[in-house]
1. Counting DSSP beta bridges with both partners in the stretch A:36-179, what percentage is antiparallel, nearest 5?
2. Out of the total accessible area of the stretch A:258-414 (probe 1.4 Å, heavy atoms of protein only), what percent is carbon and sulfur?
3. Could you please report the charge total around A:Glu828, scoring K, R as +1 and D, E as -1 over all other residues with beta-carbon less than 14 angstrom from its beta-carbon?
4. Could you state how much accessible area is buried at the A-B interface, both sides summed, with a 1.4 Å probe, in Å² to the nearest 100?
5. Sorted from largest down, give the three principal axis spans of the alpha carbons of the stretch A:212-261, whole angstrom values.
6. What does the convex hull of the alpha-carbon atoms of the stretch A:395-463 project to on average, in nm²?
7. Compute accessible area for the stretch A:614-644 by itself and then with all protein chains, 1.4 Å probe, and report residues whose area falls by 50 Å² or more.
8. Would you kindly work out the equivalent ellipsoid of chain B from its C-alpha gyration tensor and give its semi-axes, the square roots of five times the eigenvalues, largest first in whole Å?
Amino acid sequence: MARFELPPLDRRGRLAWLVLVAGLIPAILVWYSLREQDQRNGQQQFEMHVREVTDAIEKRLRQHEQILLGGAGLFDASDDVTRREWRAYVERLHLAENYPGIQGVGFSQIVEPIQLAAHTAAIRKEGFPEYSVRPAGEREIYSSIVFLEPFAGRNLAAFGYDMMSEATRRQAMILAAESGRTTITGKVRLVQETHGKPQAGFLMYVPVYRKGAVLDAPAARRQALRGYVYSPYRVDDLMRGILGERSIGIDFSIHDGVGSAPDAMMYASAEHRPARGAAAPTFAAQRRIEAYGHEWTLSFESRREFETQFDTGFEWLVLALGAGVSLLMAALTWSLASRREQALVIAHEMTLQIREDEKRLADINRRFELAADSAAIGVWDYDIVGGALLWDARMYRLYQVAADEFDGAYAAWGSRLHPDDRPQAEAELKEAIAGDAEFDTTFRIVWKDGTIRHIKAYARVERDADGRPLRMTGINYDVTARRQAEAALRESAQYTQTILDNALDGIITIGESGIVESFNKSAERIFGFAAAEVQGSNVRMLMPEPYHSAHDGYLSNYLTTGNKRIIGIGREVVGQRKDGSIFQMELSVSEITHAGRRMFIGLVRDITERKEAERLKSEFVSTVSHELRTPLTSISGSLGLLAGGALGPLPEQARQLIDIASKNSQRLIHLINDLLDMEKIAAGKLQFDMACQPLMPLVDQALAANQSYGARYEVTFRIVERADAVHAEIDGQRVMQVLSNYLSNAAKFSPAGQAVDVAVHAEGDRVRVSVRDHGSGVPAEFRQRIFEKFSQADSSDTRRKGGTGLGLAITRELVQRMGGTVGFDSVEGEGATFFFELPICATFPAGNGATTP
Amino acid sequence: MSTLQRILYVEDEPDIQAVAKLALEMVGGFTVKVCASGEEALREATAFAPDMILLDVMMPGMDGPTTLAALRQQPALATVPVAFMTAKVQPQEVARYKSLGARDVIAKPFDAMALAGQVRAIWERRDD
């Protein structure tokens, strides 16, 4: 497993590791067991092979020994064995087929030195002229390979060879001779190694003794030795013959003796195969073969090819799978643990969130409760399916029901409705449930004590997926007070409307732009328009030309300059009715500010009748005046002529009477004139010829004109204060009239011989003209109405003082029309000062330019 | 220049006729012809050849202004000074009467003793 830096192990880490380990352990165990299995298998196979080989070799060696023993037996059985007999024997063996690898089977004869020559000759005589015992030289004893079948090929080289001359052979041969047993040599190089790759070799000897010899001791045996039946073996060939060519992946080598010294190696299968490499063989074994006095060490080593058979790697696969699964499990565990951790964290967060939400909900709830409480809104919940009705505390209060009286059924509500409202309310509820309408209604309820309250209800219906109503949640709140207020307001509004409707004058309100906002009944009557036709339109639709077009100008002029042409003053204007007819109306306009807007209220009075009346009166007055004046002209004319003496002198008494008549006819004329004047003034028919002119000259003139009048009462007029520079906006003739009135009054009421003082005094933008007399003053009871018509102190005075009783009234009208004021100061018994004030329009200092005040 | 001697007085009221005539003759020494209507005046005026004409305003039939207009049609009377006689009038009415061709307006009732003087004064203002 790879190694990595482990972070401090948390729970899940530990768990994962645990799982991993828990998974790996069986995997490893399985792996191990599989491996062991393989090993065992291998081992088994190996050992089997080893056994096979070992057995085979041993078997073969014994077989070979048998062959040799057979050969020896041949020698034992016959006196002599000829070459031909030997050959026949060996051929019968079918060595090549049956015992592949055997080089041959031969007989080595022991030759005493003294026999050597004869031996040699005998062999040569057989047909081998080149035969000799080799190596030459003197030796104690000689042996010679005289038979060797198959006598061909390599074997020819062995013919005549004295094996005893060679140490290794000798050793074995001696041992065989002495023991009488079969022996083999150690590793030798055979003389047959004449060509090809030399192989390690060895020989097997079976001693042959002379017939009838006693063989009870080694020495005896040696003495009796005739020769050996032997086989030379080329080891490779032999091995090949034993083992065949199959390669099963196990190297094996044969060492002569124990140990594994290279020069002792007789055979190594690994020679034929590439080197193994560094890795140690998985299987290795050594066997010792006891072979005829020699020990052969057979070393077996498994080759890769052999090993891999048992190294299927299956166990690795299993291990890998197991490890993989474990890892997976561990990873899964870790992941799950992580998940769990995550889940815990999430759960924790969610818990926090939930707590927060709960808190928020609680806050919201609190606020709702606060709002609902303060507004006394009751909340109800009606389970449509089950029929249960739930009320909150406020509902109980609204209905004045104790919680224990409320049974939670639908009827609990219904029964508390006002009987007149109940059918309607219940019907609306049904409609809302059916989905035909929203539940938004008002009804009356009746408390236990009989009090009736107005309740406004609103509810929503909750439905299931199919639209079937499940429940209804709603509110109730008491609108009794509001209703009452509304009713009062309505009444008040109605009352006001009634007033408006019944006012005899038309009342029209317009906005700043001239749009008519209200138009009362009388206005409708006057103009012939219905209110709806006029409201929302511009007021100028009620005016004929040119006012119609000019009105907007008037309005904007007023709004911008504040110049009151018509505001606050009743003016006679012309109106136009719906039928187009024009009529005279009196219009009074006032201005208000309402809801931040400027509005104008116009009071309209159709003065056609009044005008007609006035016209009739005027006509009447004209007619009367003319009718009166006509005879008066004759009367005063006649009397005037007579009194004036135009027709000659008259008798004294006749003259007196004529005087009286003439004076009184003059009085009549004055009276008529004054009356007509008043009438004209009142009707506004008096035209004023206004001009800005100097005042003093008029005063002087008036004094002059009334001088004779004053003289009649022995009263002198004098000016005590002058204001020559003052100019006033006046009608000169009317000022004269006023001055005459004051002067004549002053003269009338002054004691004889007294003076009347006239003062003209400018103050600010007005000039005051005062006429002071030293008469008896104005009596208290007349102070209020001194300027009224016919209010002369008493009728007796009238007769005595003369005058028409209209003078001061006319004076007041005239002065007021000129924009001035009249007044008087009087202390009873100390005379009176009558004055009038007029606006100054300019002041011209004598000779200089004017300065406007 | 000529003098004021002959005055034509047009007035429908007999009493006023008498008084006025008397006033003008006695006080002013004028020669006065009285016509009772505008129509009569038209018939008589040219023949009378007045130096001055006094017209009552309010008359049945042709009123003063109408009579004046008609008299002016007569060549001989085109430039004869005329004064209206009527009830006390306001200045603008005086102006109106003047614009009709009258020199001035004499208020009724008139002062019989002053009438002749008023007439003369008006006649003497012919250059206004």
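The values are calculated or read from the model by the stated rules, or taken from the named source; none is laboratory data. Since the model is a prediction, treat every value here as computed from it, not as a measurement. Note that we place each Cβ from the backbone using ideal geometry, even for glycine, and neighbour counts take in every protein chain shown. These area figures cover heavy atoms from the full protein model, side chains too; ligands, DNA and RNA do not enter into them. Shrake-Rupley method; radii C 1.70, N 1.55, O 1.52, S 1.80 Å.
1. Of the beta bridges lying entirely in the stretch A:36-179, close to 90 percent run antiparallel.
2. In the stretch A:258-414, the share of accessible area belonging to carbon and sulfur is 62 percent.
3. -3
4. In total, chains A and B hide about 1800 Å² from solvent.
5. 51, 25, 14
6. Across all orientations, the stretch A:395-463 yields a mean hull projection of 4.8 nm².
7. The answer is A:His626, A:Arg629, A:Thr630, A:Thr633, A:Ser634, A:Leu641.
8. Working from the Cα gyration tensor, I get semi-axes of 18, 17, 16 Å.
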